[in-house]
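Chemist: I am attaching a structure below and will ask some questions about it afterwards.
The values are calculated or read from the model by the stated rules, or taken from the named source; none is laboratory data. The shown structure was predicted, so the numbers you read here are calculated from the model rather than taken from an experiment. For neighbour counting, all protein chains shown are included, and Cβ atoms are generated from backbone atoms with ideal geometry for every residue, glycine included. The area values use the complete protein model at the heavy-atom level, side chains included, leaving out ligands, DNA and RNA. Shrake-Rupley method; radii C 1.70, N 1.55, O 1.52, S 1.80 Å.
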Amino acid sequence: MMNTLDALGTRIVVVGTSGSGKSTLARQLADLTHSKYVEMDNLHWLPNWVERETDELRQLVQAEIACEEWVLDGNYSSCRDIVWPQAQTLIWLDYPLRLIMGRLLWRTLRRTLTQEKLWAAENRERLWPQFFSRDSLFLWALQSHQRRHQTYPTALMEPAHQHLNVLRFYHPRETKQWLDGLAQG
């Protein structure tokens, strides 16, 4: 397991199911490595929860990662062919679904109650749609968690991704221990 900052490289992507802590870990790594932090959701979402067109999103991602040092969070498959080949390390937060759902519940409640503005688009989560609509974040997490288990192992075996140093964490405690070791080392 990589336990030094140098071993991580200068281009890191953090992936995992919604609610796993991708953004939090990516921000911490960007601070620790003094690298640019790129949040895919910030690039993807326009005001009123409108999704940015894929071609425009891809152009924005390419511009954001044109520099030598970055930490990016996100699972957007439409940009995987841009991000993964340029990354040096991929960190997969592969936490149990029950843990993710609990985190997602608390995060959704907090964001709803505080009316937290999300990303440059200043969107706000609303409680009702998160639980009772086809656009439910909980439904998305349930579906995408299973999909990642089916697609990531195969995708990581592709020749274009063989260069990646892959770190796969199965519990937040494991991630924290690793991150604490990096900060001390």
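Chemist: Could you state the number of Å between the C-alpha centres of region 70-109 and region 146-164?
Modeler: Each part reduced to its Cα centre gives a spacing of 14 Å.
Chemist: Next up: Between (i) 162; (ii) 120; (iii) 149, which matches volume of the Cα convex hull per residue in Å³ calculated for the structure shown?
Modeler: (ii)
Chemist: Let me ask something else about it. For region 1-159, what does the relative contact order come out to in percent, with C-alpha contacts under 8 Å and a separation of six or more? Working shown, then result.
Modeler: Working: 198 pairs, mean separation 49.1, N = 159.
Computed value for region 1-159: 31 percent relative contact order.
Chemist: Amide H of Trp70: which non-local residues (sequence gap of 5 or more, or other chain) have their own amide H closer than 5 Å, using H built in the peptide plane?
Modeler: Sorted by chain and number, the residues that satisfy this are Arg11, Ile12, Lys36.
Chemist: Quick check: pseudo-label points 7 Å beyond the Cα along Cα→Cβ at Leu32 and Arg173, how many nm apart are they?
Modeler: Calculated label separation equals 1.9 nm.
Chemist: What is region 1-90's relative contact order, in percent, from Cα pairs under 8 angstrom and six or more apart in sequence? Numbers along the way, then the final one.
Modeler: Working: 116 pairs, mean separation 40.6, N = 90.
Across region 1-90, relative contact order equals 45 percent.
Chemist: For helix 54-64, what angle does its Cα long axis make with the longest principal axis of the chain, in degrees from 0 to 90 and rounded to 10?
Modeler: The two axes meet at around 40 degrees.
Chemist: For the chain, what % of the accessible area comes from carbon and sulfur atoms, probe 1.4 Å?
Modeler: Answer for the chain: carbon and sulfur cover 52 percent of the accessible area.
Chemist: What are the residues whose amide H is under 5 Å from the amide H of Arg168, where those residues sit 5 or more places off or on another chain and H is modelled from the backbone?
Modeler: Residues meeting the amide H criterion: Trp92.
Chemist: Need the list of aspartates and glutamates near Lys36 for cross-linking: C-alpha distance under 14 angstrom, and skip anything on the same chain fewer than eight residues off.
Modeler: Qualifying aspartates and glutamates at Cα under 14 Å: Glu64, Glu68, Glu69, Asp73.
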